[in-house]
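All remarks here apply to the structure that follows.
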Amino acid sequence: MTVVASAPGRVNLLGEHTDYNQGFALPIALTARTEVRWSPDGSGHLVVDAEGYGQLTIPVDATPGEVDGWAAYVAGVAWSLGVEGRPVTGGRLHISSDVPVGAGLSSSAALQCSLIGAFTAATGVPDRLTWARIAQRAENDFVGAPTGLLDQLASLHGDADRALLIDFDALTVEPVPFDPTTAGVTLVVIDSHITHGHAGGEYAARRASCERAAADLGLPNLRAVGPGHPDDVLAAVRDDVDRRRAHHVLTENTRVLHACESLRDGDLAAVGAMMDASHASMRDDFEITTPGIDLIAETARSAGALGARMTGGGFGGCVIALVGTARVDTLVASVVAAAERAGGPTPTAFTARAGRGASIDQWR
């Protein structure tokens with residue numbers, strides 16, 4: 001038997017670092033996907049052939065700390081399924097992908113979700129939230145990246161020409177219209193080629209800062225903050241850095257909800273304004289951008305973008321921009337020229353639209 005399963009990467013339109021604060025986010029699934037071909041043989045080992053990374057063998061009973069590098073994502077899924085009572089018995093895996101790695105487009109979630117689909121094709125997973133939690137456990141507890149559920153939920157629930165309003169408190173996913181091409185606007189994804197990684201200490205430090213801010217407020221999380229002006233609400237947060245981190249989260253939640261209203265109304269200019277404000281908040285309050293990322297976002301706006309912002313966990317990765325379709329080439333050329341003048345890596349870009357979520361594509 002061979003199973004073919006696939007899952008997409010994602011772009012987050014708005015809502016960065018809100019997931020583990022039980023807030024709101026607005027991602028889309030990409031059309032770029034990771035594909036897994038799985039042939040079980042009961043051997044007790046996974047023989048993995050990953051295009052661009054070579055071949056290796058992993059025991060299916062590996063535990064956290066025994067496998068590192070990219071292979072930890074594969075071993076972590078097998079381990080997490082075992083914890084869930086769905087053990088993987090071994091076999092051969094072929095992995096291919098057109099989701100850029102290290103660009104903040106959730107290549108890891110695409111891999112994990114496609115692996116779970118392949119490994120459980122015969123038995124199924126009760127629901128997509130369980131599927132997402134299995135993938136999250138693998139990333140949190142095996143790989144060591146303290147991520148929330150945003151990436152997994154976006155990869156699993158993707159829908160063509162729809163953004164996804166995710167409420168991380170209620171754990172609901174609501175489709176929101178997102179087809180800017182009908183208005184002559186294109187979503188451009190600009191890969192800065194500045195290294196991005198979640199497992200580093202900076203991501204964990206931001207999460208800890210948010211938790212301290214919530215504790216100062218006597219609340220279980222920042223989502224529990226009631227309505228009101230963030231500056232007034234956050235006066236009780238003792239540390240200035242923690243206060244700024246929390247300010248980003250609270251204002252980002254508001255931006256997500258306003259952007260959803262604007263998308264339903266077809267007001268892409270308003271969505272662009274929210275993207276600009278989000279980038280400024282990530283730069284100034286959450287401090288997760290870099291000079292090279294800021295330059296790309298600023299140049300995109302100067303070249304006519306309705307809005308531009310970094311997407312993903314931060315410290316590198318991609319910038320997204322909404323721009324009139326006729327101006328896409330000019331914007332990309334401007335960004336490349338600005339980055340090269342600054343002595344940074346040469347960015348690459350592609351246009352994106354919302355695509356379908358994870359699926360089992362073939363089973364024979």
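The values are calculated or read from the model by the stated rules, or taken from the named source; none is laboratory data. As the structure is a computational prediction, the values presented were derived from the model and not from experiment. All Cβ positions, glycine included, derive from the backbone under ideal geometry; neighbour counts span all protein chains shown. Heads up: the accessible areas ignore ligands, DNA and RNA and are worked out on the full protein's heavy atoms, side chains in. Shrake-Rupley method; radii C 1.70, N 1.55, O 1.52, S 1.80 Å.
Structure above, values below:
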quantity	calculated
Some residue of the stretch 65-81 being without any contact (Cβ under 8 Å) to a residue 12 or more places away in the chain, over 29 Å from L187 (Cα atoms) and of a type in the set (D, E, K, R)	yes
Filter pass, A135 being buried (at least 21 other Cβ atoms within 10 Å of the Cβ) and either more than 21 Å from M275 (Cβ to Cβ) or modelled with pLDDT under 95 (or both)	yes
Residue satisfying all of: in the stretch 49-62; in a loop (DSSP other than H, G, I, E, B) and of a type in the set (D, E); nearest to the chain's Cα centre (by Cα) among these	E51
Qualifying positions in the stretch 14-25 - part of a strand (DSSP E or B) and open to solvent by 10 Å² or more (accessible area, probe 1.4 Å)	F24
Selected residue (criterion: nearest to D167 (Cα to Cα)) from residues of the stretch 225-234 that are part of a helix (DSSP H, G or I) and at pLDDT below 95	P230
Given (1) assigned to a helix (DSSP H, G or I); (2) touching a Gly at 6+ places or on another chain (Cβ under 9 Å), index of the condition I134 fails	(2)
Condition met for I190 (part of a loop (DSSP other than H, G, I, E, B), among the aliphatic types (A, V, I, L, M) and within 20 Å of the chain's Cα centre (by Cα))	no
Counted residues, the stretch 63-84 - those being part of a loop (DSSP other than H, G, I, E, B) and either open to solvent by 40 Å² or more (accessible area, probe 1.4 Å) or more than 25 Å from G52 (Cα to Cα) (or both)	8
Selection count where residues are out of contact with any helix residue (DSSP H, G or I) (no Cβ under 8 Å at 6 or more places or on another chain), more than 19 Å from A103 (Cα to Cα) and hydroxyl-bearing (S, T, Y), scope the stretch 304-339	1
Filter pass, E202 being under 17 Å from N12 (Cα atoms), open to solvent by 40 Å² or more (accessible area, probe 1.4 Å) and outside any loop (DSSP other than H, G, I, E, B)	no
First in the stretch 154-182 and under 13 Å from A25 (Cα atoms) and part of a strand (DSSP E or B), second anywhere and open to solvent by 10 Å² or more (accessible area, probe 1.4 Å) and charged (D, E, K, R), Cβ under 6 Å, 6 or more apart	L165/E174; P175/D159; P175/R162
Flag if V173 is over 22 Å from N253 (Cβ atoms), aliphatic (A, V, I, L, M) and either crowded, with 22+ Cβ neighbours inside 10 Å or modelled with pLDDT of 95 or more (or both)	no
Counted residues, the stretch 95-122 - those being part of a helix (DSSP H, G or I), open to solvent by 10 Å² or more (accessible area, probe 1.4 Å) and at pLDDT 95 or above	2
Residues located in the stretch 85-114, provided they are hydrophobic (A, V, I, L, M, F, W, C), within 18 Å of D49 (Cα to Cα) and in contact with a Leu (Cβ under 8 Å, 6 or more places away or on another chain)	V88, L93, I95, V99, C113
Single residue of V67, V36, V74 found to be of a type in the set (A, V, I, L, M, F, W, C) and either out of contact with any strand residue (DSSP E or B) (no Cβ under 9 Å at 6 or more places or on another chain) or over 28 Å from R207 (Cα atoms) (or both)	V36
